[in-house]
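Following: one structure in structure tokens, then a few remarks.
The values are calculated or read from the model by the stated rules, or taken from the named source; none is laboratory data. Remember, it's a predicted structure, so these values are computed and weren't measured experimentally. In this analysis, Cβ positions are derived from the backbone assuming ideal geometry, glycine residues included, and neighbour counts consider all displayed protein chains. Note: areas computed on protein heavy atoms with side chains; ligands, DNA, RNA excluded. Shrake-Rupley method; radii C 1.70, N 1.55, O 1.52, S 1.80 Å.
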Amino acid sequence: MEFHHITQAAVGVIQRKDGFVLLAERPAGKPWAGYWEFPGGKVERDEKPAQALVRELDEELGITVKSYYPWLTRSFDYPAKYNAQGELEALAKTVLLHFFIVTEWEGKPQGLERQLLSWQSPDFPQVSPILPANNPIFSALNLPHVYAISNVGEMGRRLFFERLDLALNNGLKMMQVREKQLSTQDLSTLSTQIVSKAKPYGAKVFLNGSDAALTLSLALKVGATGIHLSSGALMQLKAKPVEILCGASCHNEAELARAARLGLDYVMLSPVAQTQSHPNAQVLGWDNFAALIKTYALPVYALGGMRIKHLHQAKSLGAHGIAMLREAWG
């Protein structure tokens, strides 16, 4: 009979300024030897995950962590592992992984446990095999931290496209086409133009919709990166589309839980603060926002009254980034 238990671990996504992340190969003698992973280790009794992160990276790599953000918390079930002779090498277990983005450290990382180290691009990691628990992490790392939402209805097309060109030149890498006033045909035309402008910059474009099937069909037609669903469409969704990336709007714990169960690529959580679009909406505030996403599995964008100056605050509370409507095109 196999013993099944839960282990908590702190994991460091050590990221250089160029976006490359540090991976380590599990050394011989350890379970899953030869597999590549993000550095980290077990959270000891009476130790907080952040404390374990600092200790483990010191012990494994010889670096002193100076700055980090809490990020995702994901549960993964490892099956029992047997060798070629049928002998049990590793017990089945559930691991609760607390991921942190490490942005500053002192010292040069070294394999103090005789593990190989390699800096890899999250876009195309060249080492293998990678521990299966880490595969969704690469997808999340490829999502930019700033997410712009279109505002053609208010700005008019000419001004919007002028501002879009400016934003793309200034580094915008992700945006959502949200124009509920348009007919399907007009939305298709607009989206095609936006995708055409975004493509040379490598910017991701998502289409917003309240009907998953129709939005998916249009997104595939215009060559968009993904779709973004309303909270209503999210709660009716049976399975995440496999052809394309998929995010959704969330406003409460039930919607967040639904998105996590479906394994979406990200969520927007709103409204954090009061907005011009919804002046009478009940706002979450930063405290409630932080409480809702603590130990959450998916990348979260804070939405509602956001400006670039709020990015650090959002990330310090566990968000992946911020989403902006009017402020993105100001």
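Structure above, values below:
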quantity: Test result for residue 98, of a type outside the set (Gly, Ala, Ser) and touching a His at 6+ places or on another chain (Cβ under 7 Å); calculated: no
quantity: Subset tally (residues that are at positive phi and either of a type in the set (A, V, I, L, M) or touching a Leu at 6+ places or on another chain (Cβ under 8 Å) (or both)) for the stretch 68-106; calculated: 0
quantity: Candidate set: the stretch 280-330, residues that are among the aromatic types (Phe, Trp, Tyr) and assigned to a helix (DSSP H, G or I); chosen: the one farthest from the chain's Cα centre (by Cα); calculated: 329
quantity: Selection status of residue 70, open to solvent by 20 Å² or more (accessible area, probe 1.4 Å) and either closer than 17 Å to residue 129 by Cβ or without any contact (Cβ under 8 Å) to a residue 24 or more places away in the chain (or both); calculated: no
quantity: So residue 44, is it open to solvent by 60 Å² or more (accessible area, probe 1.4 Å), out of contact with any strand residue (DSSP E or B) (no Cβ under 6 Å at 6 or more places or on another chain) and either closer than 30 Å to residue 313 by Cα or aromatic (Phe, Trp, Tyr) (or both); calculated: yes
quantity: Pairs where the first residue, in the stretch 5-25, is closer than 19 Å to residue 129 by Cα and open to solvent by 40 Å² or more (accessible area, probe 1.4 Å) and the second is part of a strand (DSSP E or B) and not aliphatic (A, V, I, L, M), C-beta under 9 Å, 6+ apart; calculated: 20/119; 20/120; 25/36; 25/37; 25/118
quantity: Subset of the stretch 75-85 that is assigned to a strand (DSSP E or B) and of a type outside the set (Phe, Trp, Tyr) - its residue that is farthest from residue 15 (Cα to Cα); calculated: 81
quantity: The one condition in (1) at pLDDT below 95; (2) open to solvent by less than 10 Å² (accessible area, probe 1.4 Å) that residue 194 fails to fulfil; calculated: (1)
quantity: Matching residues in the stretch 200-217 - criterion: being within 18 Å of residue 144 (Cα to Cα) and more than 21 Å from the chain's Cα centre (by Cα); calculated: 200
